[in-house]
Amino acid sequence: MDIVTVRHLTRYRYARPVAFGEHRIMFRPRASFDQHVLEYKLTISPAPDDLRYVHDVFGNCIGIARFSEQASSLSFESAVRLEHTPECSLDFPFSPDVARNSYPFAYQESDLPDLYSSMLRTHGDEGKALASWARRFLDNVTRADAPHVLAAMTRAIHKEFDYLPRLKGPAQSPLETLRLGKGTCRDFALLMVEAARELGLAARFVSGYLYVPGHNFSGTTRQGGGNTHAWVRVFLPHGGWAEYDPTNGLVGNRDLIRVAVVRDPAQAVPLSGSFIGRHEDYLGMDVDVNVSVETPAAMETWQ
């Protein structure tokens, strides 16, 4: 178990004071058996007239802020401290139901109504390029079961594609990622989501934070830090939701702090809103994410 601290700052800058519309904030990590929020604080400047929290259709925590004050800058800073426990996505070898993960993949009838929307492809596949790419993993693995197929897909993206950071803009289409052979973490996550769906699996896009537990993995490097990170959740016929990070070739939730789990990347924007003013008033946005892991000595002091 690691004790992790995440600081996430986003600041908008304007040439003169402007008014602000409603803003939607997705910074708070999801609570689960593998991550437990110990402390959470959100500081907004200027302070909103109203800040309330709701859960979206996926159960993500959403903050909604409304303002009346005008200002030449608007900042959102969250600080969270949480316990994180790594989990593996591969089956226990002696599970009596392990055969349920074999290809062709099939879910229990009772699960299908809730999984159906996450099984639907959302991007076209002209020339069946994505289908061909996805199905290669059914033949090139020792065991054609869901955990091993997905692990092979995860590691292939990490090995065969070039990672290029891109802070703004939507995820590029899976076909574009295949054609270019490069992308950012959200591009790789969307490619794997659509490839898993092509094989008949329910998959979701995950947004959150990446960290490196240095006291356990000395010298480890990860791609996608310094900002929010994106990866994939796939529902295994036997084993439930499991996580895969194709950007770093990670199988399981190690080093990953889950904030938003959605069907489509457009539903996982960390912060969105509007301002009332001239277009040229907008000067830009600064984002800074810092993730640190407490040393054993610091953990003992806190306890």
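Quick notes
- Qualifying residue in the stretch 178-187 (condition: surrounded by fewer than 21 Cβ atoms within 10 Å (Cβ to Cβ), touching a Phe, Trp or Tyr at 6+ places or on another chain (Cβ under 8 Å) and farther than 17 Å from Arg135 by Cα): yes
- Matching strands (runs of 3 or more DSSP E) fully within the stretch 191-303 where at least 1 residues are at pLDDT 95 or above and in contact with a helix residue (DSSP H, G or I) (Cβ under 9 Å, 6 or more places away or on another chain): 202-210, 229-236, 240-245, 256-262
- Within the stretch 95-118, residues that are in the same structural domain as Glu194 (by TED's automatic domain parsing) sit with their Cβ atoms under 6 Å from residues that are in a loop (DSSP other than H, G, I, E, B) and small (Gly, Ala, Ser), at 6+ positions apart or across chains, in these pairs: Tyr103/Ala144; Phe105/Gly200.
- The helices (runs of 4 or more DSSP H) falling completely within the stretch 94-182 that include 1 or more residues that are touching a helix residue (DSSP H, G or I) at 6+ places or on another chain (Cβ under 9 Å) map to 129-139, 146-160, 174-180.
- Taking the numbered list (1) at pLDDT below 95; (2) touching a Lys or Arg at 6+ places or on another chain (Cβ under 8 Å) in turn, Glu77 passes all entries but (1).
- Residue among Arg135, Arg166, Arg186 that is outside the structural domain of Val287 (by TED's automatic domain parsing), modelled with pLDDT under 95 and not hydrophobic (A, V, I, L, M, F, W, C): Arg166
- Among the residues making up the stretch 1-50, those that are under 18 Å from Val261 (Cα atoms) and either exposed (fewer than 13 other Cβ atoms within 10 Å of the Cβ) or small (Gly, Ala, Ser) (or both) are Ala31, Ser32, Phe33.
- The residues of the stretch 51-64 that are of a type outside the set (A, V, I, L, M, F, W, C), under 29 Å from Pro17 (Cα atoms) and surrounded by 14 or more Cβ atoms within 10 Å (Cβ to Cβ) amount to a single one, Gly63.
The values are calculated or read from the model by the stated rules, or taken from the named source; none is laboratory data. Everything quoted here is computed from the prediction, not taken from an experiment. Here Cβ is always computed from backbone atoms with ideal geometry, including for glycine, and neighbour counts include all displayed protein chains.
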